[in-house]
Structures are given as C-alpha cells and as structure tokens.
Amino acid sequence: MEDVTALVLAAGKGTRMQSALPKVLHKVGGIPMIGQVLQAVKAIGTRREAVVVGFGADAVKEYLAGRAESIVQTEQLGTGHAVMQAESLLAGEKGTLLVTCGDTPLVTTETFAALLDCHRKTGAAATVLTAKMPDPTGYGRVIRDTAGRVAKIVEQKDGTPDELAVNEVNAGIYCFELPSLWNLLHRLGNDNQQGEYYLTDVIGMFVAEGATVSALSAPDYRETLGVNSRLQLAAAEKILRERKLEELMTAGVTIIDPAGTYVDTTVCIGSDTVLYPGTILEGRTVIGKNCEIGPYTRLTNVHIGDGNRLQFTCADDCEIKDGTQVGPFVHFRPQTVIGAGVKVGNFMEVKNSHIGDGTKLPHLSYIGDSDVGAGVNIGCGVITVNYDGKEKHRTKIDDHAFVGCNSNLVAPVEIGEYAYVAAGSTVTKRVPSGALAVGRTKQRNIEDWVKDDTYKK
C-alpha cells in the first residue's frame, strides 16, 4: 500500500507498569510491544513508519533505529497533541495516515488491512476501529446517530450516563486522509475533564463538516486490548502465546501440553517436531523437522537442524546440527556449534566451542573455548582448562582422538589425530598424532601402611 503512512503513538510513561523502562519497550511475545506493532503495520505494505516518543525517548529511539522514524513529544498533552507533533515530519505527505498505539500489540495485520479496506471502499475522510467490550469501563464510547453512522467519540470522564451505557468502544486506531487532518488538529481545544487535546474530537469535526466517517468493528475485542500494567502485560502474553501455538500445531508441530509450553512469536519450527511439557523457546530460535524438544528445555536464539533430541537442556546463541542427542542436564553457552550426529550426555557444559560430527561427550565434563574434531571421545570428568587468571586460551582436539576420564587439558594445547590421553592425566604440551599422553605421577604402594589405630574406633 504505497499511499499509507503509519504513525504509532508511544510517548506515554506507563505509570501503572511501575518500571523505569518505557512501557512500549516491555517485551510481549519475545519482542518489545512497539516491535509487535511495527511488524503488524509493516506487513500491510506501509511506505513509511513514524513513532511519537516521549518518556524514555532515548531508549525508545535507540530501539527504533533502522526500524522507524521518531518524533519527540516533550509534553504529553493528549493524543491529538501527539499526532500534531508529526506534522512537520510528514509535511507534504498525501494519502492515508494509519494512526495506532504502541501499547496495543495484539492487533493483527489482517485487522489493519481490513480497516484500510473499509476506509477506501466507503470513501471516508476518517475511519475508526471499534470493539464491542464486555466491560467498556475506561474506554471512549463510539456514539452513533439514528442511522447508525458514527457521530462522535466520547471519553469515559466526559460521557453522560446514556453514552456510558454504550459498549462499542474506540480502539484508538484510525485512518485519516492527508493533508486535511492537519487543519482540524489545529482547531482542537482542551476544554474537557482531563485538559487534553483529544484526537477523538477530530471525528466529530469531520462529521460536522459533512465528511464521511466510517467504523470497522474488530473481529475479536481482545485484539484491541491495551497494555498499561503488568497484569495486562501477562494477559497479552497469554493471547500471543495461544496464537503462536495454534499456528504451529496447524503447520504440523505436536505440542503435548500447550498450557505448559512457551514459544515466542519470533520462533520457527519445522513439521513433525514434538514439543514436550516445560519447553521454552525464545528469540530467533529455529528448529528443524522431526525433532523432539523437552521436557524442560529452554532455548534462546538457537538454530537446530533436523532429527535432534534435546531434553532438560539450556542453550543460548548457538547452533546444533542434524541428528544429535542432547541431555539430560546440558548447558550450551554462546558461540557453540554442535556437529551432526553428536552425543552430549548428562551434566555437560559446552562454551564457545566447535564440536565435530559424530563426537561423543557422554557426561560430567566442561568443554570451553575448544575446537573438537570429528569422531572424538571425551571421557567422564574431562576439563579444558581455558583460563590462566588473565586470558582465555583455546584447546584443539583433532579427529578421532580419545581423552580419558578425569583429564585436565591446560590450554593452549593440542591433542593430535588418533591420539590418546590416559585417564587422570594433566596435559600441558601438544600430544602428537597417534601418541599416548600420560600426565600423572607414578603410582606408589606403601606396604603395611594401615595400622590398628588408623581408623577411629
């Protein structure tokens, strides 16, 4: 839609959030609220997106960099005043201005598109998105004339008892034709209970001028719910999560317990993958086909191939290739790459390391800052000693090497191809290919050392 400009109002402090973080930067569905809104409006093909910022402007502008233009509202004097701040930025723009709120992250792209379609088909100067609320308390009411046309919008504090009995509310989302909107905004007054410049008053002005004002009712009132508190944030999170899980299940993903499974809106999962209870998938996580994830697994920004099995695993910012077996009780830290067909057993930690195809890390070891080849066997209790107190160093273990139990590999060090490290060794020097490294003191037995008084009686 080349003639549509989006303007997002996001200047409010969000006092009820009880937070130093600007309200619109609180995450829902895995990304800040303002991010959810921008994704939805951009998906309809807007040619330009601008955001009015206020409280925490620097932080919000930093997030918006590369995503949308920003305008600062230094004083929060109402929604009409907020839109006026964009006049200089959008001077000369023609076509339709889509105005929405940065704290309504549940509105879908489909609803935005339907609103624009209604606006165009009716030839309206202004179109408002409405919702039939079970409890309209706190919302502006949409007042219609006897013919069913929109006459005005009345705010809660300014409504009469009859007007407040109406359950059709203003969702705070509009389409306006430019440039006619700017002239009306300059005529706004603030003679109301809150002393603010209401954008809703523009609707009555259009009606008074004989212009067409249309309205579209949202298909589900929950889409229009705003977020002004932590309770409402949790409610929005639940709705987005339900949508995401429904999307995944429709696409061929099995979710054993949807109530106990958390998947961000940004996550992608292939077909025939199974999510077990207690699974949490966050950020830009991508999971391939035919995987089994969980139970009780948390993955953040993890790229996983096909045919993997992960249970009781925590992983961040890493990659796991095809056909791996992981867990239980495994921690993959950032910049780790696990090759295909790898076995990572219980109580393992891997950090900033590359693990080659077919390697086995069965249990109870720490592999940090290491490059491990293909077909390597790491015994129980192996530690790559990567930190000397000042700097981190890397360990290199070449293809098909064998590292025995309870060995310490003191970096920087290399274990050559097909080399063996004897159990209990501390290795400080390179082990050549095909060699056996024994880095432990020779056993010495002291005969008759145990006496009658050795043990407490």
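General remarks:
- Any hit, the stretch 401-420, residues being at positive phi and in the same structural domain as Lys321 (by TED's automatic domain parsing): yes
- Residues that are outside any loop (DSSP other than H, G, I, E, B), touching a helix residue (DSSP H, G or I) at 6+ places or on another chain (Cβ under 7 Å) and surrounded by fewer than 23 Cβ atoms within 10 Å (Cβ to Cβ), drawn from the stretch 82-95: Met84
- When each of Arg48, Arg67, Arg16 is tested for being surrounded by fewer than 21 Cβ atoms within 10 Å (Cβ to Cβ), closer than 20 Å to Gly283 by Cα and either out of contact with any Ser or Thr (no Cβ under 7 Å at 6 or more places or on another chain) or not hydroxyl-bearing (Ser, Thr, Tyr) (or both), the lone residue that passes is Arg67.
- Criterion (in contact (Cβ under 8 Å) with a residue 24 or more places away in the chain and either out of contact with any Leu (no Cβ under 7 Å at 6 or more places or on another chain) or aliphatic (A, V, I, L, M) (or both)) met by exactly one of Arg309, Arg230: Arg230
- At least 1 residues being among the polar types (S, T, N, Q) and surrounded by fewer than 19 Cβ atoms within 10 Å (Cβ to Cβ) is the threshold, and among the helices (runs of 4 or more DSSP H) wholly inside the stretch 97-208 those reaching it are 109-121, 180-185.
- Screening the candidates Asp453, Asp448, Asp399 for the property of being modelled with pLDDT of 95 or more, part of a loop (DSSP other than H, G, I, E, B) and surrounded by fewer than 20 Cβ atoms within 10 Å (Cβ to Cβ) yields one hit, Asp399.
- For the stretch 327-378, filtered to residues that are surrounded by fewer than 21 Cβ atoms within 10 Å (Cβ to Cβ) and of a type in the set (A, V, I, L, M, F, W, C), the residue that is nearest to Tyr418 (Cα to Cα) is Ala374.
- Looking across the stretch 235-267, the residues that are part of a loop (DSSP other than H, G, I, E, B) and under 25 Å from Leu225 (Cα atoms) come down to Thr261, Asp264, Thr265, Thr266, Val267.
The values are calculated or read from the model by the stated rules, or taken from the named source; none is laboratory data. The model shown is predicted, which means the values in this text are computed figures rather than measured ones. Note that we place each Cβ from the backbone using ideal geometry, even for glycine, and neighbour counts take in every protein chain shown.
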